[in-house]
Every structure is written in C-alpha cells, then in structure tokens.
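What follows is a short report on a single structure.
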Amino acid sequence: MVEAENIQALLKEYPYLKDIAQTHLLLTESDYKKYEKDAQLKYGFAKTISINLFQELFLNPHYYVYVEKLFNDEINQLVISYVSNGDTMGRIELTKSELLTSLKKIVVETNNEQLAFKYQFLANLASFAQYQKKVAKEEVTYNIEGQDYTFKMQDFITFLTLDNFDFVRICLDNEIKTIKGVAKKYFFYALSKSITQQTLDNYLFSQSFVTHYQDLTSYSLVDYQAINTLMTTQDPNISQIQVNQELHDLIYRDMPQDYTTLEKAIYIYIKLCKTLTYDEEFYAGLQRGKVAEKHEDIKHVATISPTNNKVVCYEFTAIYGKLLNELGLNYKNYQTFEEKFGGGHAMLYFRLDKFLISADAVVTILQGDIAEAKFNHPLKGLHANNRSPETRAEFKKAFLKVYEYLARQDKSIGEYPFMQNESFAQIVAKYRQLNPKLPDITLAERLDILLARLNDINKVGIDNLTYLVTLRKILFSEEELRNIIKFTIISNSETLSQETIRASVIITVNENGLRENPEANAYYLYNPNESIQRITKEEIIKNLTLNIYHYLNTVDIIPGINYGGRK
Amino acid sequence: MNQKLQTINTKLMKLYESQPNLWEKQKLIQKILAEENWVLKLDINTAYAILQDLTIPQANLAKVYLTLLNEIK
C-alpha cells in the first residue's frame, strides 16, 4: 500500500488537490514513472497502460474506489494522473468498455480468480441487458427539418441488433423509404443523437452492434449528415446585397435549362469566377485606403458588372450567396475577424439536400479559383465537405460535368485540361522515366524567355500576375528561386493617375547568388501590360523612400536593397 | 506550332514502329501534346527534352518553346 500512503502525503502537501482527487486517481510522480517502465497493455485506440497498474486498479482498494465510481456513473471515465510540483500531469483514461475489455484479456492470460470475480461483477453492471432494461421504455423527441418526431429507444436497439444482411439491405435499398413510419434518414439522425459514443463507452455491446452503429454514424451507408444544418440563411447583410442586372443576365444566359439545382449552383460559381477578376489595386494597396473603402461599401456590390468586374473576396461571396438564395438555398457567410461586411476574408457554406458545400473563390489571390477558372485550370475552392466519400464523389462528378460544359464554351482557351490533370501528371512522369537526363538550359536563356513573354502578355489586371506565377514555376527550379532569382510583388503608386495604385513586380537576378554578392544583382521592373524594363538599385531605393513603392509584407523584400522590409 | 509538333510526332511514331522504346516515348509525347496548354504544365527542361525528341534542332529550341508559350491566349 505504499502508493496509497504516498497519495495521502501528496494531498497533505497540496490540499487544494483534494477536489480533483475525488474524480482522478492521483499518483506520485515516481510511482507513475515506475509504472511507465513496466510491460504495457494496449487498449482502445493506440492507448497503453502498465499491466501492473491495470491489475492494481482492481486489487488495490484505494484504486478500486475509482472503478466503483465509474460503474456507479459518478465519473464518465477513469482518469489516472500524477502530481508534479503541485500540478497534475500525465493522463491515462479508461472508459467502462475499455476497462472491461482489457480486464477480460488479463483474466484469460492470468487465470487470476480475484480478477475473474471482479470481471463477472462489473460486466454484469455494464451488460447489454442492463442497457436495454434502462432505456427500452424511453421515448425521445427531436425536431428534424422543422417538424417534431418521437421515437422509441427500443426501435433503435432492435435496428442495431439486426443481422448484418438485413441491416445493410434496409440501409441501402432505396425502395425502403421509411423505418417505423419515419423517413429513413430521420430515423438514423435520431438514432445517432440518442445512442452516442458515450453510450458505447459505458456498456458492453456485441461487435455487430458497434459495427452497425459506426457504419451509421460515419455516414458510409446512408448520408444524413446535412440534416438540421443551415435551416436558415446566416448572413446579416443579405437584405442589402443587390446583384447587378447585367451581371445576373450574363451568369444565367447560357445555363442549360435541364440542370439540377446542384449543377446550377456549381455553374454559377464557375461562371462568376470566369467573369469577375480580383482587384489588383486592392491587392497592391495592402487592402487598405480608398480602394478598400470602396469595396467595404456594400452598395458597391450592385455596381459590379461584366465590364466593371473587379472584386474582392467578400463581394464575390456576397454575389454568390445572393444567387444561391435565388435558387432557394440557405447559406452561411463566414468572415474572419468581424461580422460586418468587409471585416476579413470571406467565404460561404451552403447546404443543398445532402450536400454540405463550401465556396471560397480566393483561397489565394493569385492562384484562387477566380484566377484559375480563366485558364480552365483545376479549381480548389468549391467542395463538398461531407464525410461520406460517395457523396463527395457524386459532387465531384457534377462539378466536372458543369466545368467541362463551361470550358467548352470558352473557345479562347480550348477544352478542359482540368479533366485529365491527374493522368497528365502520370504521363509526364512516365516520359521522364524514359529521359533520366533532361537537358540543361542556361539561366540567361530562361531569363530571355521570361522577359520576352512578359513583354507580350496582355491579360486583365491581376491575371497577369497569376500568369507570371505559372511562368516562374515552369522556368526556374525551387533552388534557383531561393538563391538566384527572386520575384517581389510590390504596391506601386507611380501610375497613370494619382488616385490609383497597382501591383508591380521587381525581379532580382544574380547567377552567382543574390546574397553572396548583392552589388552584382540585376533588377527588372514589371508593370502588368507594359514592357519589362531594367531598373537600378538606386531608383528602387528612391521609390521606396518616396513611398511610391511599398512592400506587401515585411518578409518578401527585394534582395540587396537595405530599405524597408524586416528590420 | 503545336499542330506542327503533332504532325512530326505522327511521322516519328510511324518511323519507330519496329523500335519499341522509341515508339513508346513518342506515344507518351503524343498524349502530352494532346493536353491543352501542356507547355504551361511542365518545367522547361522536360519541355525541351520533348522538343529534342521531336527532332527540333538545338538552335531552334528556345524559339519553338517561346512560340508555344505565345500561342496560349
């Protein structure tokens, strides 16, 4: 009983631990560490406990008190910690079912009669029969999709104890639409609310009962995850959002009439991405100042049209949300930081029958969907977030069908490269295997290609920068981008009118290393839609000093320029 | 330009019919050339290797590569 005395001594030393000692089995640090060095018993999900300590739980009266507390439902789980300098540390947790399953194993291995007796006694307290006796006559009522439904607990138990064939058949057979007179999905929803993981932790259920329960609550057989979610639209600004009629007409103009609501929702998203463009002035202006004020005015949304098409994330989200609402769909506008319009990055979640979808067209500014859709590149911002892989696959199929249709309309780009992207990567990998030694291309030659191309591109606003990012990726290796060529995007107010600013790029090159000999760095200024030009270090410093150039952040600074950026 | 490359590729596939290794390489190139905007989806070194396999002379590689980039609107 050395440990029990040790614990009493601990509580004397730290009397404030008496309360916690009511619910936690506290050990001294040395005892706890001693047990950690013992042979370990694996239990639950990747958890371990000393075999000696585990046996002591039943044989040491001081420890057994906590087992009794657990089976008397005074505590939810048995927690074992140790005390170090007056704080509780470490944590071993055991539920009733974990305790019993492990005890059964120990009894079989040791043939210890005392432990076997304890097992029989405790297993009876947590038996399936006890559970059934406790809840069989209970009824539960849930409001599901706006209506109250009452269920008998016994019906849930009967369903989970069906033989596997009948269980799977009832779940998967679409002809079976109801169970006990209630829509099948509603029945499963109510079951998952009434029988929880804690129920499984507290009683010994058969393996098939547990498996059926897990199959249902993982939504792998029937996807009812969306039930009771987004019953109303959650957007404080919705009444103030107006979508420009011209934009509205353009979005709907070529939409196939026979599309399902899901396909329409996807179509609108991609069409908006193709039509709208991110405001590079907002980007270059660090999302502050006059340009930011304009975008933070919710009335500005109504002016966004196919020709006046520069937006930021919360305007895109506002327009998309409003159009979803027109389709009869509820959504939640999610903004980081503040709820007010423009109070941080915005995206939205919406529900469409069983689909739980998130939409974020500006995951990143240069490579978000609003940029990538214009190149028919794979899109990343519209997802089904359901746990069921079948539901996600169903969504993806609908998404690709709509994207393919829209990509085919876009004659300037071609067809649908996003469709074969994965297999394309595989083809290229195979080709590379047949060409283990790829040709070396000098930095000068690649730089010439870059400069020639930048002089020639003529895309809209920020799409130029997205294109530049792609060129950077294909022309230079990651190591080169770290050491000999750097692209720094800056805010540049040296433009046509005093009122506007834009995003420009300073390209710094030094074949011998940007940091080794910064005096030899060469600098180029790229203003989208203008010819690329050499620029001197002195000119850059002057423009930074005069606040004509601003860094977009303090990390991505121009190499060799000791002005601004991180101090 | 891409169309020209596809024509060369077709000819080379015919030429290499009895040389499985070379034929297989051309078959892969055929699939790559069929990908829209393929030149934007590969590093320049792999793209040059493809052009070399299509028998583009060394002196013309940069010019052809740039033309391919220019053709993407």
> Tell me, what HN-Hα J-couplings in whole Hz come from the Karplus equation 6.51 cos²θ - 1.76 cosθ + 1.60 at θ = phi - 60° for each residue of region A:462-478, using x for Gly and Pro?
Replying inline: 5, 4, 4, 6, 4, 5, 4, 4, 5, 4, 4, 5, 7, 8, 10, 7, 4
> Which of B:Leu51, B:Leu33, B:Leu42 moves most in a GNM of chain B, Cα contacts under 10 Å?
Replying inline: B:Leu42
> In debye to the nearest 20, how big a dipole does chain B give about its Cα centre with +1 on each Lys and Arg Cβ and -1 on each Asp and Glu Cβ?
Replying inline: 160
> When the Cα centres of region A:32-46 and region A:207-277 are compared, how far apart do they sit, in Å?
Replying inline: 48
>> Going through the cross-link list A:Lys271/B:Lys41; A:Lys264/A:Lys354; A:Lys137/A:Lys354; A:Lys374/B:Lys31; A:Lys374/A:Lys473, which pairs have a Cα-Cα distance over 20 Å in this structure?
In response: A:Lys271/B:Lys41; A:Lys137/A:Lys354; A:Lys374/B:Lys31
> What percent do you get for the relative contact order of chain A when only Cα pairs under 8 Å and 6+ apart count?
Replying inline: 8
> Which value, in Å to one decimal place, does the Kirkwood hydrodynamic radius take for region A:2-126 when every pair of different Cα atoms is included?
Replying inline: 14.9
> Amide H to amide H, which residues 5 or more places from A:Thr233 or on other chains are under 5 Å from it, using H placed in the peptide plane?
Replying inline: A:Tyr331
> Number of Lys-Lys pairs in region A:43-131 under 14 Å by Cα, sequence gap 8 or more or different chains?
Replying inline: 5
> Taking Cα centroids, how far is region A:288-334 from region A:374-403 in Å?
Replying inline: 23
>> How big is region B:2-71 along each principal axis, measuring the range of its Cα positions in Å and listing the largest first?
In response: 35, 25, 20
>> Using the Cα centre of chain A as origin and beta-carbon charges of +1 (Lys, Arg) and -1 (Asp, Glu), tell me which of A:Ser81, A:Tyr405, A:Gln147 is placed farthest towards the positive end of the dipole.
In response: A:Tyr405
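So if I place +1 on the C-beta of Lys and Arg and -1 on the C-beta of Asp and Glu, and nothing else carries charge, what would the dipole magnitude of the protein assembly as shown be about its Cα centre? I want it in debye, nearest 20.
1020
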> Computed on alpha carbon atoms, what radius of gyration and Dmax characterise region A:130-217, expressed in Å?
Replying inline: 12.7, 35
> Using helices alone, what [θ] at 222 nm do you get for chain A, with -39,500 (n - 2.57) per DSSP H run of 4 or more residues, divided over all residues and rounded to the nearest 500?
Replying inline: -13500 deg cm²/dmol
> If only Cα atoms are counted, what is the Rg of region A:238-421, and what is its Dmax, in Å?
Replying inline: 15.7, 47
> Packing-wise, with mean Cβ within 10 Å as the measure, how do A:380-392, A:121-133 rank, highest first?
Replying inline: A:380-392, A:121-133
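Suppose a student asked you for the relative contact order of region A:321-397, using Cα pairs under 8 Å spaced at least 6 residues apart; what percent would you report?
After rounding, I find 20 percent.
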> Listed highest first by mean packing, meaning other Cβ atoms within 10 Å per residue, what order do A:136-149, A:463-476 come in?
Replying inline: A:463-476, A:136-149
> Given a 1.4 Å probe and the protein chains all in place, what does the accessible area of A:Thr150 round to, in Å² to the nearest 10?
Replying inline: 80
> Can you tell me the Rg and Dmax of chain A, counting just the alpha carbons, in angstroms?
Replying inline: 32.2, 92
>> Per q in 0.14, 0.16, 0.25 Å⁻¹, report the Debye log10 I(q)/I(0) for region A:64-166, using one uniform scatterer on each alpha carbon and no solvent.
In response: -0.80, -0.92, -1.26
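The values are calculated or read from the model by the stated rules, or taken from the named source; none is laboratory data. Note that this is a predicted model, so its numbers are computed, not measured. Virtual Cβ from ideal backbone geometry, glycine too; neighbours counted across all protein chains shown. The protein model used for the area step is the full one, side chains on, heavy atoms only, and it has no ligands, DNA or RNA in it. Shrake-Rupley method; radii C 1.70, N 1.55, O 1.52, S 1.80 Å.
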